[in-house]
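Quick note: the coordinates plus some simple rules give every number you see, no bench work behind them. Computed from a predicted model, the values in this text were never measured in an experiment. No Cβ is skipped: glycine too gets one built from the backbone with ideal geometry, and neighbour counts run over all protein chains shown.
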Amino acid sequence: MSSKSKAKVMFLKEEFADGEGTFKYPNKSKYEGQWKNGQKDGFGVHTLSDRSKYIGQHKNGLRHGKGTEIFPKGEKYSGNWKNDIREGKGIYTWPSGAKYVGEFKNWDLNGNGKFTYSDGGIYIGEFKDGKSHGLGKYSSLADGEEYEGEWKDDKQHGKGTHYDGDGRTYEGQWKNGEKNGNGILKVVDLGNYEGQWKDGEQHGEGSLTFENGYKISGEWRFGSPLKGTSSWPNGNKYEGQFKDWKWHGHGKFSVPDGHHIIGEFREHKSWQTIEYDKDGKIVGKIIDGVQTIDNSSQITPKLEVDAPT
């Protein structure tokens, strides 16, 4: 029998298939292509009952070599197969426009690759079990956002640098997609925060320095200072407690010549305080927010600006 006639054979039993021909399975799937000793072997097209289709190489009855799998809802894989499993380099596309080009192992995205999201965002780097995992870089075409560094389970995790596209750059540690640990946030035309973070907020020991030279150093809680020191380029300084970015609680404000105010502050204003001159003489007193000594100099300055977020 010639090879041409073999190509038109309709096999009635799979175990007798050899050469080229077609076999229809009881579940209504169909294979058209090359056979060897009753098994799919070589190039062929296998159409399943759910209308999905495989077009490519086979070996010993399994998908093996180069091949393309097309699903009813429009998803498509083209690439290498090994013993009926996606293995090696390949391309997977989705109807949404998303696309992955890279390495596969055990069916899934594993190894190095490039994933293009439906909104145009791009991730290039390492994958594990279908997720961004290891070293990689994400870039958003929509707003200019970028992150380059370590990933775990599709989230920033470890060390990395993030730019939000609007002048804010963070370099430091991450955990589960949030700033966690030590890091530096730089904000264009505003200033820098260097210190500890928790769940995306300044938390722990840290220092915030504004471009005008104003600085807050100390302990932070959930994005705002709790206690510490704020200082000015001219030498003025406040040491004490904060609440909602304002001096609140016990504290001391002083100027370089030794003149100072000490006591309780509320919302950045003296509440129960005593003012001393450089020689230690009392020159002012505030009780319940009311001045009780007329010659108080009222040296407390206005609060500067909030921290970068």
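Mean-square fluctuation check for the chain, GNM, Cα pairs under 10 Å: which of V101, V290, V187 is largest?
The residue with the greatest mean-square fluctuation here is V290.
Enumerate the aspartates and glutamates that K59 could reach by cross-link, defined here as Cα to Cα under 17 Å, with residues fewer than 8 away along the same chain left out.
Here the aspartates and glutamates satisfying the reach criterion relative to K59 are E14, E15, D18, E20, E32, D41, E69, D84, E87.
Could you tell me how many cubic angstrom of Cα convex hull volume region 189-308 has per residue? Each step should come with its number before you reach the end.
Details: hull volume 10.6 nm³, N = 120.
Spelled out: Cα convex hull of region 189-308, divided by residues, is 88 Å³.
Rounded to the nearest 0.05, what FRET efficiency is calculated for I70 and N182 with R0 set to 41 Å and r the Cβ-Cβ distance? Don't skip to the answer; put the middle values down first.
Numbers: r = 49 Å, r/R0 = 1.19.
Once rounded, the FRET efficiency stands at 0.25.
Could you work out which residue, out of K66, K89, K28, moves most in a Gaussian network model of the chain, that is, has the largest mean-square fluctuation with Cα springs under 10 Å?
In the Gaussian network model the winner is K28.
Exposure proxy check: R63, R266 ranked by fewest other beta carbons within 10 Å?
So the ranking, lowest neighbour count to highest, is R266, R63.
If the cut-off is 26 Å between C-alpha atoms, which lysines fall inside it for K285, apart from same-chain ones fewer than 8 positions away?
In chain and number order, the partners are K227, K237, K243, K246, K252, K269, K302.
Taking the beta-carbon count within 10 Å as an exposure proxy, list I261, I91 from fewest neighbours to most.
Numbers: I261 25, I91 16.
Final ranking by Cβ density, sparse to dense: I91, I261.
About its Cα centre, what dipole magnitude does region 1-95 give when the only charges are +1 on Lys and Arg Cβ and -1 on Asp and Glu Cβ, stated in debye to the nearest 20?
Roughly 200 debye, rounded to the nearest 20.
If you take the beta carbon distance between H250 and V290 as r and set R0 to 25 Å, what does 1/(1 + (r/R0)^6) give as a FRET efficiency, to the nearest 0.05?
Result of the calculation: an efficiency of 0.85.
Cβ neighbours within 10 Å, averaged per peptide: list 43-53, 127-137 in order, most packed at the top. Don't skip to the answer; put the middle values down first.
Working: 43-53: 15.7, 127-137: 18.5.
Ranking, from highest mean packing down: 127-137, 43-53.
Go ahead and set up a Gaussian network model of the chain, Cα springs under 10 Å, then flag whichever of G235, G249, G79 fluctuates most.
G235
222 nm [θ] for the chain, helices only, -39500 (n - 2.57) per DSSP H run of 4+, per residue, to 500?
Taking each H run of at least 4 residues, the total per residue is 0 deg cm²/dmol.
Which one, Y123, G181, G111, is farthest towards the positive end of the dipole of the chain when Lys and Arg carry +1 and Asp and Glu -1 on their Cβ?
Going by the Cα projections, it comes out as G111.
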